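The values are calculated or read from the model by the stated rules, or taken from the named source; none is laboratory data. Worth saying up front: this structure is predicted, and the values here are computed from it rather than measured. Cβ sites come from the backbone with ideal geometry, for glycine too, and all protein chains shown count toward neighbours.
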Amino acid sequence: MTPLLKSISPRFGSVVGNETVTFEGVGFSTTISDYTVIIDNRVCTVTFANETHFKCLTSKRPGLYPEPTLDIRIAGKGAVST
C-alpha cells in the first residue's frame, strides 16, 4: 500500500529552521529511520513516527525558495503520495 499524505501543519514556516512540521495520513512507518524527508532541498529530520502521522524538524535555508518542493520517502514503502 502506498502511503498517502492527507495534511501538513503548519503549511508555512520560517527560513530560520528548527520548526516542527506534522504530516498526517495513512500507511506510514513507525520506524523513524525509515524516513527521508526533503523540504525545499533541505533535510527535515524525523523526530516521531506512527502509522497515521510523523513529525520532522526543519533545517535552516538561505532565504525564500522560489519553487517550494516536498519529497517524502519511506524505506520499504517508496514515495509518499501527496
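Can you tell me which of Ser29, Ser9 is out of contact with any Ser or Thr (no Cβ under 6 Å at 6 or more places or on another chain), modelled with pLDDT of 95 or more and either farther than 14 Å from Arg73 by Cα or small (Gly, Ala, Ser) (or both)?
Working: Ser9 fails: out of contact with any Ser or Thr (no Cβ under 6 Å at 6 or more places or on another chain).
It is Ser29.
Would you pick out the residues in the range 64-82 that are among the small types (Gly, Ala, Ser) and touching a Ser or Thr at 6+ places or on another chain (Cβ under 6 Å)? Step through it out loud before you land on a result.
We begin by selecting, within the range 64-82, every residue among the small types (Gly, Ala, Ser); these are 75-76, 78-79, 81.
Ser81, the sole residue that qualifies.
Just checking, does the range 62-73 include any residue being without any contact (Cβ under 8 Å) to a residue 24 or more places away in the chain and touching a strand residue (DSSP E or B) at 6+ places or on another chain (Cβ under 9 Å)? Give the derivation first.
If we filter the range 62-73 for residues that are without any contact (Cβ under 8 Å) to a residue 24 or more places away in the chain, which is where we start, we get 66-67.
Subsequent filtering for residues that are touching a strand residue (DSSP E or B) at 6+ places or on another chain (Cβ under 9 Å) retains none.
No, the range 62-73 contains no residue that is without any contact (Cβ under 8 Å) to a residue 24 or more places away in the chain and touching a strand residue (DSSP E or B) at 6+ places or on another chain (Cβ under 9 Å).
Taking the options Phe48, Phe23, name whichever one is in contact with a strand residue (DSSP E or B) (Cβ under 9 Å, 6 or more places away or on another chain) and within 14 Å of Ser81 (Cα to Cα).
Numbers: Phe48 fails: within 14 Å of Ser81 (Cα to Cα).
Only one candidate qualifies: Phe23.
Quickly run through the range 47-82 and pick out the residues that are of a type in the set (A, V, I, L, M, F, W, C) and closer than 15 Å to Leu5 by Cα.
Ala49, Phe54, Cys56, Leu70, Ile72, Ile74, Ala79, Val80
Is it true that some residue in the range 28-46 is surrounded by 11 or more Cβ atoms within 10 Å (Cβ to Cβ) and in contact with a helix residue (DSSP H, G or I) (Cβ under 8 Å, 6 or more places away or on another chain)?
Yes; the residues of the range 28-46 include at least one that is surrounded by 11 or more Cβ atoms within 10 Å (Cβ to Cβ) and in contact with a helix residue (DSSP H, G or I) (Cβ under 8 Å, 6 or more places away or on another chain).
From the list Ile74, Ile32, exactly one residue is among the hydrophobic types (A, V, I, L, M, F, W, C) and within 11 Å of the chain's Cα centre (by Cα). Which is it?
Ile74
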